[in-house]
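The structure appears right after this line, and notes come after that.
The values are calculated or read from the model by the stated rules, or taken from the named source; none is laboratory data. This one's a predicted model, so the numbers in the text were calculated from it and none came from an experiment. Glycine also receives a Cβ, built like all others from the backbone with ideal geometry; neighbour counts cover every protein chain displayed. What goes into the accessible areas is simple: the full protein's heavy atoms, side chains included, and nothing from ligands, DNA or RNA. Shrake-Rupley method; radii C 1.70, N 1.55, O 1.52, S 1.80 Å.
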Amino acid sequence: MVVWAFLTVGIVAVAIGCLFYIATEIRRCFILQKLKAKSRLWGWLVPLIAVAVAALVLFLTMGVYNAVICIAVLSLFSALCRLVVFVVKKICKREFRLNYAVIGAIVITGVYLGVGWYFAHDVKLTAYTLDTDKQVGELRIVQFADSHIGALFDADGFSDYVDEMNAQNPDLVFITGDFVDDDTSRADMLGAVAALAKFDTTYGVYFVCGNHDSGYYSAEARGWTKDELFAALVSSNVTILSDETVVIAARINIIGRLDASSKDRKSMSELTAALDMDKYTIVLDHQPNDYDAQHEANVDLVLSGHTHGGQFFPINIFVALANDRVYGHETRGNTNFIVTSGLGDWAIKFKIGCIAEYTVIDVQTKDGED
């Protein structure tokens, strides 16, 4: 909680700085220039009041993080537009009556964030086909992660996605972490878990914890406990794997890992020591940051989430530094790694340069024999 408090304070400080910058840009408007000539005080008060009211509306309607994103993006585009206007003025050798930098920044910001909103809320199906020498026959996997129930959609909205995923006729469904969020309501948690019972699969539904499933808030603040979440999952016929392995159809190993934030997490060598690695081996690991060990263990497929596809610039830079992969499919030797950008989102309601998705993975034996 202390970390989140410092993060929030830092974000608010950035927002205040950006708001002041936006106020200085608004102050350049022709009408306010005339007002400034008459009263220096009102020349500052009007733009400051305007941005304060706009910021308050954003905070109340979108929350702290999304409001700060809107403000920061507007500041960035305002600075870029100011540079462009400066260059044009130098070339044309004239002054402009209108503040084109502010007008351009508002228009570009609106388009940019509008696109980001669309990509965060429009869930796509991403399909992969993997070949293997091992005898799995044909296996269809549906994987989703980072639904963060309650952030972008409630339990009813999630239930609709379950119907869509179930229509893919999966043999296996894997939930690779952050199914719920820290502030998911008890009603949404129970409703979303109940929706999982609608999956009709050959081999079942499997779940591993993400960092937000374990949660950063107390049980009192959340209104429910992790044990209650697990009990609800079990009642919906979901198998929870916490550094555990299961064998299905006598030919597939499934390894479900504790989240990387867990101090008690076992290593890949410990988890695979007693396994028959001639079987097709799938690892469910919320955070994609143990690729070397997973490749060395010679597992066949590793499924992760956590990164949200990088979210957007400049957050994606830090996401890339903290993980082995941000999004998509990678192969190292015989090991396939897939990172999904997530069904939903955390507090942030925008995605730029990535999509919201669930994945359908078809695994097939190369010779087509069972």
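Annotations for the structure displayed:
- Given (1) open to solvent by 70 Å² or more (accessible area, probe 1.4 Å); (2) within 18 Å of Ile69 (Cα to Cα); (3) at pLDDT 70 or above, index of the condition Val12 fails: (1)
- Selection over region 55-69 of residues that are open to solvent by 50 Å² or more (accessible area, probe 1.4 Å), aliphatic (A, V, I, L, M) and modelled with pLDDT of 85 or more gives a count of 3.
- Within region 222-239, none of the residues are more than 19 Å from Asp200 (Cα to Cα), in contact with a Ser or Thr (Cβ under 9 Å, 6 or more places away or on another chain), β-branched (Val, Ile, Thr) and free of Cβ contacts under 8 Å to residues at least 40 places away in the same chain.
- Checklist (1) open to solvent by less than 30 Å² (accessible area, probe 1.4 Å); (2) out of contact with any helix residue (DSSP H, G or I) (no Cβ under 6 Å at 6 or more places or on another chain) applied to Phe199, failing item: (2)
- Checking Ile255 against (1) in contact with a Phe, Trp or Tyr (Cβ under 7 Å, 6 or more places away or on another chain); (2) open to solvent by less than 40 Å² (accessible area, probe 1.4 Å); (3) within 14 Å of Thr281 (Cα to Cα), the condition it does not meet: (1)
- Condition check for His212: buried (at least 18 other Cβ atoms within 10 Å of the Cβ), modelled with pLDDT of 95 or more, farther than 28 Å from Arg332 by Cα and not aromatic (Phe, Trp, Tyr): no
- Residues being open to solvent by 20 Å² or more (accessible area, probe 1.4 Å) and either at pLDDT 95 or above or assigned to a helix (DSSP H, G or I) (or both) - total across region 224-248: 15
For (1) aliphatic (A, V, I, L, M); (2) at pLDDT 90 or above; (3) part of a helix (DSSP H, G or I); (4) surrounded by 12 or more Cβ atoms within 10 Å (Cβ to Cβ), each residue gets a yes or a no:
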site	(1), (2), (3), (4)
Ile71	yes, no, yes, yes
Lys89	no, no, yes, yes
Arg94	no, no, no, no
Ile106	yes, no, yes, yes
Tyr112	no, yes, yes, yes
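- Of all residues in region 120-139, those being open to solvent by 70 Å² or more (accessible area, probe 1.4 Å) and either out of contact with any strand residue (DSSP E or B) (no Cβ under 8 Å at 6 or more places or on another chain) or over 22 Å from Phe199 (Cα atoms) (or both) number 3.
Condition check ((1) open to solvent by less than 10 Å² (accessible area, probe 1.4 Å); (2) modelled with pLDDT under 95; (3) among the hydrophobic types (A, V, I, L, M, F, W, C)) across all residues:
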residue: Ile141; (1), (2), (3): yes, no, yes
residue: Phe144; (1), (2), (3): yes, no, yes
residue: Ser147; (1), (2), (3): yes, no, no
residue: Asp156; (1), (2), (3): no, no, no
residue: Ser159; (1), (2), (3): no, no, no
residue: Asp171; (1), (2), (3): no, no, no
residue: Phe179; (1), (2), (3): yes, no, yes
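- Any hit, region 283-293, residues being within 18 Å of Arg140 (Cα to Cα) and touching a Phe, Trp or Tyr at 6+ places or on another chain (Cβ under 6 Å): yes
- Count of region 269-293 residues, restricted to those that are under 23 Å from Ala250 (Cβ atoms) and open to solvent by less than 40 Å² (accessible area, probe 1.4 Å), is 8.
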